[in-house]
């Protein structure tokens, strides 16, 4: 008798184990699960957006943030679970191609109708699958206080007297090189912050800086700036026709840097931003998302009003009429495999976030998005200095923003290959011609693999 | 007794078997299946045959390159780690003062995780190279030797403990007899010490060999495979293939299968080789 009850107990114990493990985490029906891409605002989502939305609508919201650089692996494992993310993000047409079978059509949604320019959404086969939610801009960020100090120098070698008069590469080069000659008087270690090439930190060059020659080449090939992305996205070959222009600015960064060339492989982008915040350099190439890396650094010496943008001048024809690079790689998709109730709730969440007064307040003041939606008025834009600069440059009628064309790069592997080539060029282990060839060869291979 | 063990065996083995099934056997078999499939998420795969295995070698040369890099690294680190560990073990079994303190100090790096060790050595090596205006990303050979030094630092202490235990188990009378017969230090070492610790040499070679092949976190923290895949080891190449290349999940899986088979083969060969030595000793 005792033996039988012992066996029964043991068997029960073994059987109950998985039950106990699974039973503790029961989530509510219709819950909106949003897998967030931006770690710098994860805290705002969990501590402010979640409670505000639940209070307004009674729908439970769960925001999970993937670690930096880990969005794709995280999404890949989360989406196979029984409670998958309802809202997830893709980085552009290349990302959508990978996740298309999971994305629900959105052409009848309220969020799509709110877009100021509906063509910004990503469509395929006549359906809209992904909606952009934030517009970002990047260029060369400069510290105007240091620039004013330079232009006040009696021995300066240029005729212009303010940074705003820099309208082409020749002027930029003259100013930068003269500043390097006077760097001790200006109290800086170099004009440009370190060109960060540590693993995972080379995206500012192989993606962002590279956007310029990429855009220019496909603008020429397709005949217009607005069709450059589509042309790049379909291209099986890339000539790197503007490689000399890219090299102009690239060499300028390297030769007038805070750090010696040999040390760049160990620098990450946070190092560069800290150098700028601490006043060790006058310029750094980055975008408005970097505001918190300047303003939030202890010992920050840069005043809000001195933070300005300069376009990426590299010697292209007509570049005086060119603005900073403006675009997005943040698109939202709705998971078509989630329950119908969850999908409806997710759309309601997005509508609430981007059109209700309390949602818009969170977006403008806490999340800091410059949104592409017509529900936001002129004065409902973020107030950090870089975001303000982006809106000013976009509004300036005398220049034309350069669209983000890098979404047409065939694969992440291409970026890694080109980044490696740039690092090898810095280390003098390959020539510039080899680096250009690496970019061309890798493009041909990756485009073929991507099925173009 | 025998009878009741047989009777209860199934019940007591059950939890272990279930764990083994869930954590090893099912993922292993599923992984094998996936290596013949094209997929984005692992629950949604379709069969494509041997294509992944072909693409593992044909798309780029990095897999073969990292295989050779890993092989070279493993050979060198197995030799250096075991030489260092055995030398320490010999020195620290001679009743010199402070023996325990030295053993503890030499063992200590093994208690630190691989990522942390990688960062520590990254800082040290960069600090030295900075004097020459270079850093660890400047040339793959810095990363290679950095890894060798790092693995020696981490593993020599652990292997030393195994060797110490073995050396202490050598019967004193054998050593005394050798001394009376007039054997010098070298003869004692090659004729008595080494043959007696052969079983430990087998296990230490096995551990260092497989550690060398499986190395990932130290590699990631020290160089992350840079520059230009020059220091990318097998495990990292597989991870990068699986996660950083869209549409390459199956290729990563195929590489992982090749990797498993290769490591198992090499480890089995090594075991057989050193076991033979044990028997003749």
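Below, the figures for the structure above:
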item	result
Filter result (under 13 Å from residue A:193 (Cβ atoms), within 14 Å of chain B (Cβ to nearest Cβ) and assigned to a helix (DSSP H, G or I)) within region A:246-262	A:254
Residues of region B:11-37 satisfying the condition of being closer than 26 Å to residue A:450 by Cβ and either more than 30 Å from the chain's Cα centre (by Cα) or away from chain A (no Cβ under 14 Å) (or both)	B:31, B:33, B:35, B:36, B:37
Considering residues of region A:256-288 that are without any contact (Cβ under 8 Å) to a residue 40 or more places away in the chain and over 23 Å from the mean Cα position of the chain (by Cα) only, the residue nearest to residue A:386 (Cα to Cα)	A:278
Residue A:419 vs. criteria modelled with pLDDT of 90 or more, more than 20 Å from residue A:85 (Cα to Cα) and either within 14 Å of chain B (Cβ to nearest Cβ) or assigned to a loop (DSSP other than H, G, I, E, B) (or both)	yes
Residue A:180 modelled with pLDDT of 90 or more, assigned by TED's automatic domain parsing to the domain that holds residue A:141 and part of a helix (DSSP H, G or I)	yes
Selected residue (criterion: surrounded by the most Cβ atoms within 10 Å (Cβ to Cβ)) from residues of region B:219-247 that are within 9 Å of chain A (Cβ to nearest Cβ) and farther than 14 Å from residue A:417 by Cβ	B:223
Those residues of region A:362-384 which are within 28 Å of residue A:306 (Cβ to Cβ), touching a helix residue (DSSP H, G or I) at 6+ places or on another chain (Cβ under 9 Å) and part of a helix (DSSP H, G or I), in sequence order	A:363, A:366, A:367
All positions within region B:103-135 that are over 23 Å from residue B:78 (Cβ atoms), in contact with a helix residue (DSSP H, G or I) (Cβ under 8 Å, 6 or more places away or on another chain) and not in a helix (DSSP H, G or I)	B:132, B:133, B:134, B:135
Any chance residue A:91 is assigned by TED's automatic domain parsing to the domain that holds residue A:372, in contact (Cβ under 8 Å) with a residue 40 or more places away in the chain and touching a helix residue (DSSP H, G or I) at 6+ places or on another chain (Cβ under 8 Å)	yes
Set A:448, A:433, A:358: member being part of a helix (DSSP H, G or I), out of contact with any helix residue (DSSP H, G or I) (no Cβ under 7 Å at 6 or more places or on another chain) and more than 14 Å from every other protein chain (Cβ to nearest Cβ)	A:433
Residue check for residue B:228: under 23 Å from residue A:201 (Cα atoms) and modelled with pLDDT of 90 or more	no
Count of region B:38-67 residues which are more than 13 Å from every other protein chain (Cβ to nearest Cβ) and not in a helix (DSSP H, G or I)	4
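Conditions tested, residue by residue: (1) within 19 Å of residue A:264 (Cβ to Cβ); (2) at the interface with chain A (Cβ under 9 Å from one of its Cβ atoms); (3) surrounded by fewer than 20 Cβ atoms within 10 Å (Cβ to Cβ); (4) touching a strand residue (DSSP E or B) at 6+ places or on another chain (Cβ under 9 Å).
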{"residue": "B:100", "(1), (2), (3), (4)": "no, no, yes, no"}
{"residue": "B:103", "(1), (2), (3), (4)": "no, no, yes, no"}
{"residue": "B:108", "(1), (2), (3), (4)": "no, no, yes, no"}
{"residue": "B:111", "(1), (2), (3), (4)": "no, no, yes, no"}
{"residue": "B:114", "(1), (2), (3), (4)": "no, no, yes, no"}
{"residue": "B:118", "(1), (2), (3), (4)": "no, no, no, no"}
{"residue": "B:128", "(1), (2), (3), (4)": "yes, no, yes, no"}
{"residue": "B:133", "(1), (2), (3), (4)": "yes, yes, yes, no"}
{"residue": "B:138", "(1), (2), (3), (4)": "yes, yes, no, no"}
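The values are calculated or read from the model by the stated rules, or taken from the named source; none is laboratory data. For clarity, every value in this text was computed on a predicted model and none was experimentally measured. Methodologically, a virtual Cβ is constructed for each residue, glycine included, from the backbone with ideal geometry; neighbour enumeration extends over all protein chains shown.
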